[in-house]
Amino acid sequence: QVELTDLKPILVKTSQEVDELMAKIEVDKAAAGETKAVVEAEKEIASVKAAECKEIKDSAEAGLAEALPALDEAVKVLQNLKASDLSEVAKYSNPPALAKLVIEAVCVMFQIPPAKVGEAGKKVDDYWPPGKKLLGDKELINNMKDYDKDHIPDKVIKKIETYVQNENFRPDKIESVSKACTAMCQWTLAMHKYHYVA
């Protein structure tokens with residue numbers, strides 16, 4: 001019994017330590033529960049972000065799957081053009097409206113400003129004079145093939161939008177005018193499409 005009496009303070013102390021340890025475990029358990037809740041919330045946010053990213057990726061891939069064949073087709077058509085096809089268009093003194101439309105668009109793509117024609121105070125933009133000069137450029141076809149499609153200035157895209165929205169600016173309508181204009185129309189449309197999906 002003396003031994004039990006001697007052990008009583010140790011037992012009380014140990015019991016106190018166990019109670020403190022149990023209290024600490026409860027606090028740690030509550031903190032772990034809060035951490036788990038935070039982790040679960042962050043996991044949910046990450047899941048939503050991952051789904052959004054996948055949707056963007058899928059959309060971009062679908063856009064590229066549509067734009068790249070159009071771009072490849074436009075380049076293929078350009079490769080079949082000859083300087084004589086371009087000079088055939090350049091020989092017009094008064095070009096057909098559809099040819100003029102295409103040449104305007106190509107000038108816009110290459111940021112070639114229009115000539116100002118007409119009476120003083122009533123001058124209007126005319127892309128045909130600089131367009132004829134552009135058609136005479138021996139490097140035009142190569143410049144179109146090597147065009148920096150990844151860095152088309154926003155002002156060019158904004159300006160070319162007018163042509164792209166024009167229902168007459170379509171290869172099937174332009175082909176009645178000339179092979180060269182059809183190719184340049186296809187190229188312009190492909191560059192525009194590529195800009196929005198790349």
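On the given criteria, is Ile103 in contact with a Gly (Cβ under 7 Å, 6 or more places away or on another chain), assigned to a helix (DSSP H, G or I) and modelled with pLDDT of 95 or more?
Yes; evaluated as a whole, the condition is true for this residue.
Quick one: count up the residues across the stretch 132-175 that are open to solvent by 30 Å² or more (accessible area, probe 1.4 Å) and part of a helix (DSSP H, G or I).
Selection size over the stretch 132-175: 18.
Among the residues of the stretch 53-71, are any open to solvent by 50 Å² or more (accessible area, probe 1.4 Å), in a helix (DSSP H, G or I) and at pLDDT 85 or above?
Scanning the stretch 53-71, I find no residue that is open to solvent by 50 Å² or more (accessible area, probe 1.4 Å), in a helix (DSSP H, G or I) and at pLDDT 85 or above, so the answer is no.
I need a count of the residues in the stretch 78-114 that are of a type in the set (A, V, I, L, M, F, W, C) and open to solvent by 30 Å² or more (accessible area, probe 1.4 Å).
Number of matching residues: 5.
In the stretch 126-149, is there at least one residue being touching a Phe, Trp or Tyr at 6+ places or on another chain (Cβ under 7 Å) and charged (D, E, K, R)?
yes
The values are calculated or read from the model by the stated rules, or taken from the named source; none is laboratory data. What you see is a predicted model; the values in this text were computed from it and never measured. When we count neighbours, we look across all protein chains shown, and the Cβ atoms used for this are built from the backbone with ideal geometry, even at glycine. Remember, those area values only see protein heavy atoms, side chains included, never the ligands or the DNA or RNA. Shrake-Rupley method; radii C 1.70, N 1.55, O 1.52, S 1.80 Å.
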